[in-house]
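Chemist: Can you read through this structure? Questions will come right after.
The values are calculated or read from the model by the stated rules, or taken from the named source; none is laboratory data. Note that the coordinates shown come from a computational prediction; the quantities given were computed from them, not determined experimentally. Neighbour counts are summed over all protein chains in view; Cβ atoms, including those assigned to glycine, are modelled from backbone coordinates with ideal geometry. Just the protein is used for accessible areas: all its heavy atoms, side chains included, with ligands, DNA and RNA removed. Shrake-Rupley method; radii C 1.70, N 1.55, O 1.52, S 1.80 Å.
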Number of protein chains: 4
Amino acid sequence: MAGLADFSSEVRAEVKQVREQVATLHEQLLKWNLVVWTAGNVSQRLRTADLMVIKPSGVRYEYLTPASMVVTDLEGNVVDGTEAPSSDTLSHAYIYRHMPDVHGVVHTHSTYATAWAATGRSIPCALTMMGDEFGGDVPVGPFELIGSEAIGKGVVDTLADHPGCPAVLMRNHGPFTIGKDAEDAVKAAAMTEEVAHTVWAAEQIGTPIPIPADDITKLNNRYKNIYGQH
Amino acid sequence: MAGLADFSSEVRAEVKQVREQVATLHEQLLKWNLVVWTAGNVSQRLRTADLMVIKPSGVRYEYLTPASMVVTDLEGNVVDGTEAPSSDTLSHAYIYRHMPDVHGVVHTHSTYATAWAATGRSIPCALTMMGDEFGGDVPVGPFELIGSEAIGKGVVDTLADHPGCPAVLMRNHGPFTIGKDAEDAVKAAAMTEEVAHTVWAAEQIGTPIPIPADDITKLNNRYKNIYGQH
Amino acid sequence: MAGLADFSSEVRAEVKQVREQVATLHEQLLKWNLVVWTAGNVSQRLRTADLMVIKPSGVRYEYLTPASMVVTDLEGNVVDGTEAPSSDTLSHAYIYRHMPDVHGVVHTHSTYATAWAATGRSIPCALTMMGDEFGGDVPVGPFELIGSEAIGKGVVDTLADHPGCPAVLMRNHGPFTIGKDAEDAVKAAAMTEEVAHTVWAAEQIGTPIPIPADDITKLNNRYKNIYGQH
Amino acid sequence: MAGLADFSSEVRAEVKQVREQVATLHEQLLKWNLVVWTAGNVSQRLRTADLMVIKPSGVRYEYLTPASMVVTDLEGNVVDGTEAPSSDTLSHAYIYRHMPDVHGVVHTHSTYATAWAATGRSIPCALTMMGDEFGGDVPVGPFELIGSEAIGKGVVDTLADHPGCPAVLMRNHGPFTIGKDAEDAVKAAAMTEEVAHTVWAAEQIGTPIPIPADDITKLNNRYKNIYGQH
């Protein structure tokens, strides 16, 4: 199998940079209370080669360093790194192969998003934040066992019916989110947990009022085209 | 359009001070768990000119500095700053134009306050802390799209029926709070989430007992006139 | 009115020590998520004189210092300090006058304890931790307005029916706890919120199983006489 | 009774190392919000002698040091240390005597796990994380008083019916977890609270979908044999 020495200096420079970015972004999973112990992972696909950088399997977040991140190709084969990659590597790879605009994938078991996933219910769009970030309900994907690319396929198939939505709640499992880079996918993971928690709480005291479809479209268009710095 | 150079040195000195205050107060939104990622903003109106200082749009809290804050006039036009201002700028500006005693505005999507907003229910006054801080129920405002001054108008119109109350839960959206300065509005945002959480929790185990109107008045008068340092 | 100069050097030395203890213990209110903004206070009664040290009114926790604590007599009159004392000073003083073994009082609005208080329900003893710390249910006290000693009287009267219990949930208001010193009362405040949260959560998924009275007695006796370092 | 001087230098070296490990692991109980004040403890059994290292009774976590940990034999007799050992020492010792592969035991009163324990309900296996970590439901053990080895016996007897499961919810009390070392048991304690919280939340918005028994077996086998670094 190819090692990193077989790639150009440009690729090796991007690997170095992305190792740092992915390692650092795991701190955001802790900061926003999205993970416990080792139960969540971040990856980013390179711009300069068909490679990705992902968390090593079962390593506590306080021990993660840029050097401990694992580089694989988009079939999940290790290209560089001394650790075994995340159990979800084949699923991250599947997503990158089938969604070429996606350069970041995040998986967590965040509490309230996973609660929706455990019941098989999608989160109804009752918040402007959901119109902004998800463009509608947050959908549920199928139940799949861990370790193969089946989860990745479940994510891709589910999002095919929800264009523009960056999150899927895999049934009985937890959320997978995507983005234009790893930071964008981490943001989607944080937002998924926040709206999961809020709509969950709303259901305990009444009925969340649905936002009409055309208002959701307006919110989503503004958020994607005007919000933020350009 | 006018730049800051067109204003007096006194105004420029206040701008410098308020940039620091507003940047620092965003840390309190994180400290009290009122925001996720970039989803909340603080502004303060100046004493020396019809200007306000507000968060830039879509910038993560750890990257906020006094220099990244944006200065606008009370129509929302940028007067000083290198970043685009918050999406909610026109609504903050509307509030300042129509409520001259207000010099601080805060918007969050804090979890439990937003849960009440999603159901369209106001928070019933069942806590002495609510009599103190809000003088009654925390009211719900209309559903409005983001980006225009419509949300600001919704806040002002709602508070017209709740004199002395510093918070409105904008339907399907989240709380807006006001104060005599930005710190005061941040305090109201923290208190709004706390009472939203507490009364929410009370409803899960029984019926919150309403506080009689005359006791609410006594609580509110004492809190506004005696509590704190004078 | 007497100033601190009228007291012995022994008293002044204890004042200095207790100012530091009480200021530092407010950090524990934050650490265990018992308070928001300024909404909680700690006091400790001296051993060497009929004086107490209490939080100043309405001051944010990050600004508290030993020097900002206020010394009052047991009628609530300020004996030393530059700030106005807590709004609850007269109630702390009432408790110290009527319960001579109590040397620490804490008041918070912690979320779940206050939720029980809002419904007027006591917390049923369904946890060994409750048998240990409270010796039974955590009782509810009457609704009283803030600012007089009425709340202190409500605490004392309620605890008269619950000997050995260090906590009262004042109706529509929040918990007051007592202890042999301020640290002990802060501990009781942390435990009150924890059991309030746990039994609240238990009620959402079933019926908390009551612990028989004689087992509660055994738990409480062991905890008070054997637990900890002696 | 024997002191540490009666043991070999190899044993004394391991004691030194395990004192540090056990003291440090208590920080993880705080990090993952598993304990309040002093209400949880960690122990580890030595490899080189029939001894264990456990938390002292009733000492606040910020004051724990390697030197304050207590060394006992597997009957709970103190062999080394200046403090009184945890109230749960006899139960930890019982577990070690009856489960020779177990070298770590953790007890907490973590909120949601204890809520299940208060109702006497086991946590149904509706999450892949539960299949992974617990191999099925998290079972409930009997109600037992604190201070004797009865709780340890309850843990051992309950786990006899749940081979491979590292957690028991002792009724009306809280979770006990086991592991191949103390870190492994702390991990199980963190995972117990997380799944307790998630399934609890799921029950508020619907019915958690059970995972079929053969899928649980596949999840558990992969997790125990493939997950992590080998």
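Chemist: For residue C:218, what accessible area in Å² do you get when you roll a 1.4 Å probe over the heavy atoms of the protein chains, rounding to the nearest 10?
Modeler: Approximately 110 Å² of residue C:218 is accessible to the 1.4 Å probe.
Chemist: Using only Cα atoms, tell me the angle between helix D:182-205 and the longest principal axis of chain D; keep it within 0 to 90° and round to the nearest 10.
Modeler: Rounded to the nearest ten degrees, it is 30.
Chemist: Less than 12 Å Cβ to Cβ from residue A:61, Lys/Arg counted +1 and Asp/Glu -1: what total charge do the surrounding residues give?
Modeler: Cβ neighbours under 12 Å give a net charge of +2.
Chemist: Then there's this: Quick one: accessible surface of residue D:122, probe radius 1.4 Å, all protein chains present, in square angstrom to the nearest 10.
Modeler: 50 Å²
Chemist: A further question on this structure: If you bin every alpha carbon distance in the protein assembly as shown into 20 Å steps from zero, what whole percent lands in each bin?
Modeler: It works out to 14, 43, 36, 7, 0, in whole percents.
Chemist: Residues of segment A:112-131 that become at least 50 Å² less accessible with every protein chain present than in their own chain isolated, using 1.4 Å: which are they?
Modeler: Going by heavy-atom accessible area, the residues of segment A:112-131 that drop by at least 50 Å² are A:118, A:119, A:128, A:129.
Chemist: State to the nearest 20 debye the size of the charge dipole of segment D:82-211 about its Cα centre, where the only charges are +1 on K and R beta carbons and -1 on D and E beta carbons. Please list the in-between numbers first.
Modeler: Numbers: 6 positive and 16 negative charges, 50 e Å.
Roughly 240 debye for segment D:82-211.
Chemist: How much solvent-accessible surface does residue B:132 expose, in Å² to the nearest 10, with a 1.4 Å probe and all protein chains in place?
Modeler: 20 Å²
Chemist: Also, I was wondering about something else. At a cut-off of 10 Å², which residues of segment D:69-96 become less accessible once all protein chains are present than in their chain alone, using a 1.4 Å probe?
Modeler: Buried on complex formation: D:83, D:84, D:87.
Chemist: Would you mind getting the accessible area per residue of chain B, heavy atoms of the protein chains only, 1.4 Å probe, in Å²? Can you show the working numbers first?
Modeler: Details: 7980 Å² over 230 residues.
Per-residue accessible area for chain B comes out at 35 Å².
Chemist: How large is the charge dipole for the protein assembly as shown, taken about the Cα centre, if only the Cβ atoms of Lys, Arg (+1) and Asp, Glu (-1) carry charge, to the nearest 20 debye?
Modeler: Computed charge dipole of the protein assembly as shown: roughly 80 debye.
Chemist: Assign unit charges at the C-beta atoms only (+1 for Lys and Arg, -1 for Asp and Glu), then state the dipole size of chain B relative to its Cα centre in Debye, rounded to the nearest 20. Could the numbers behind the result be given before it?
Modeler: On the way: 17 positive and 28 negative charges, 41 e Å.
Once rounded to the nearest 20, the dipole reads 200 debye.
Chemist: Ok, one more. Pick out which of D:193, D:183, D:83 has the largest mean-square fluctuation in a Gaussian network model of chain D, springs linking Cα atoms closer than 10 Å.
Modeler: Checking each option, the largest mean-square fluctuation is seen for D:83.
Chemist: Sticking with this one: Using only the heavy atoms of the protein chains and a 1.4 Å probe, how would D:47, A:60, C:121 rank by accessible area, largest first? Please list the in-between numbers first.
Modeler: On the way: D:47 155, A:60 20, C:121 75 Å².
Largest accessible area first, the list is D:47, C:121, A:60.
Chemist: May I pose another question? Heavy atoms only, 1.4 Å probe, whole protein assembly: order C:217, B:128 by accessible area, highest first.
Modeler: Values: C:217 75, B:128 0 Å².
Descending accessible area places them as C:217, B:128.
Chemist: Given points 7 Å out from each Cα along the Cα-Cβ axis, report the residue A:213 to residue C:65 separation in nanometres with one decimal.
Modeler: Placing both labels 7 Å along Cα→Cβ, they lie 6.3 nm apart.
Chemist: In whole angstrom, how long is each semi-axis of the equivalent ellipsoid of segment A:106-158, when you take the square root of 5 times every eigenvalue of its Cα gyration tensor and sort them from largest down? All intermediate terms of the calculation are to be shown ahead of the outcome.
Modeler: Details: eigenvalues 94, 32, 20 Å².
Sorted largest first and rounded, they come to 22, 13, 10 Å.
Chemist: From largest accessible area down, sort D:51, A:90; use a 1.4 Å probe on the protein chains. Working shown, then result.
Modeler: Working: D:51 0, A:90 60 Å².
The ordering from most to least exposed comes out as A:90, D:51.
Chemist: With a cap of 14 neighbouring Cβ atoms within 10 Å, and only residues DSSP puts in a loop, list the GluC sites (Glu not before Pro) found in segment A:1-76.
Modeler: Within segment A:1-76, the qualifying GluC sites (Glu not before Pro) (loop, at most 14 other Cβ atoms within 10 Å) are A:75.
Chemist: Could you check what % of the DSSP bridge pairs in segment A:4-225 are antiparallel, to the nearest 5?
Modeler: Values: 24 of 26 bridges.
Expressed as a percentage, antiparallel bridges in segment A:4-225 total about 90.
Chemist: Tell me which residues come under 5 Å, amide H to amide H, from residue A:104 once H is placed; ignore anything under 5 positions away on its chain.
Modeler: For residue A:104, the qualifying residues are A:45, A:179, A:181.
Chemist: Something else about it: Pop out the carbon and sulfur fraction of the accessible area of segment B:4-225 as a percent, whole number, probe 1.4 Å.
Modeler: Working: 3590 of 7340 Å².
The C+S portion of the solvent-accessible surface of segment B:4-225 is 49 percent.
Chemist: Residues of segment A:146-164 with amide nitrogen under 16 Å from the 7 Å Cα-to-Cβ point of residue D:221?
Modeler: Answer for segment A:146-164: A:146-148.
Chemist: From the C-alpha coordinates alone, can you work out the Kirkwood hydrodynamic radius of segment C:4-225, in Å? Working shown, then result.
Modeler: On the way: mean 1/r = 0.0574 Å⁻¹.
Kirkwood hydrodynamic radius for segment C:4-225: 17.4 Å.
Chemist: Among B:43, B:134, B:91, whose Cα lies farthest out toward the positive end of the dipole of chain B, if unit charges sit on the beta carbon of Lys, Arg (+1) and Asp, Glu (-1)?
Modeler: In chain B, that residue is B:134.
Chemist: Within 15 Å, Cβ to Cβ, of residue B:228, how many net charges do the neighbouring residues add up to if Lys/Arg are +1 and Asp/Glu are -1? It would help to have the intermediate numbers written out before the result.
Modeler: Details: positive: B:180, B:187, B:222, B:224, C:55, C:60; negative: B:132, B:133, B:181, B:183, B:184, C:83, C:88.
Net of charged neighbours comes to -1.
Chemist: Could you point to the residue in B:103, B:163, B:122 farthest towards the positive end of segment B:45-201's charge dipole, with +1 and -1 charges on the Cβ of Lys/Arg and Asp/Glu respectively?
Modeler: It is B:122.
Chemist: To the nearest 100 Å², how much accessible surface do chains C and B cover up together, summed over both, with a 1.4 Å probe? Walk me through the numbers before you get to the answer.
Modeler: Working: alone 11030 and 11030 Å², together 19000 Å².
Result for this pair: about 3100 Å² buried.
Chemist: How large is ³J(HN,Hα) for each residue in segment B:52-57, as worked out from phi by the Karplus curve 6.51 cos²θ - 1.76 cosθ + 1.60 (θ = phi - 60°), to whole Hz, x for Gly and Pro?
Modeler: Result, ordered by residue: 9, 10, 9, 4, x, 6 Hz.
Chemist: Which one of A:202, A:78, A:4 has its Cα pushed farthest toward the positive end of the charge dipole of chain A, where Lys and Arg give +1 and Asp and Glu give -1 at the Cβ?
Modeler: A:202
Chemist: Hey, another quick one. With springs connecting C-alpha atoms under 10 Å apart, model chain A as a Gaussian network and identify which of A:104, A:164, A:76 has the largest mean-square fluctuation.
Modeler: In this elastic network of chain A, the residue with the biggest mean-square fluctuation among A:104, A:164, A:76 is A:164.
Chemist: Here's another thing I want to ask about it. Return one number: the angle in degrees, 0 to 90 and rounded to the nearest 10, between the long axis of the Cα atoms of helix B:9-31 and the longest principal axis of the Cα atoms of chain B.
Modeler: Between the helix axis and the principal axis of chain B, the angle is about 40 degrees.
Chemist: Of A:24, A:114, A:48, which is the most mobile in a GNM of chain A whose springs link Cα atoms less than 10 angstrom apart?
Modeler: Comparing A:24, A:114, A:48 in a Gaussian network model of chain A, the most mobile one is A:48.
Chemist: To the nearest 0.05, what FRET efficiency results for residue D:145 and residue C:47 with a Förster distance of 35 Å applied to their C-beta separation? Walk me through the intermediate numbers first.
Modeler: On the way: r = 35 Å, r/R0 = 1.01.
It comes out at approximately 0.50.
Chemist: Please give the helix D:213-225 orientation as an angle from the longest Cα principal axis of chain D, in degrees from 0 to 90, rounded to the nearest 10.
Modeler: That works out to roughly 40 degrees.
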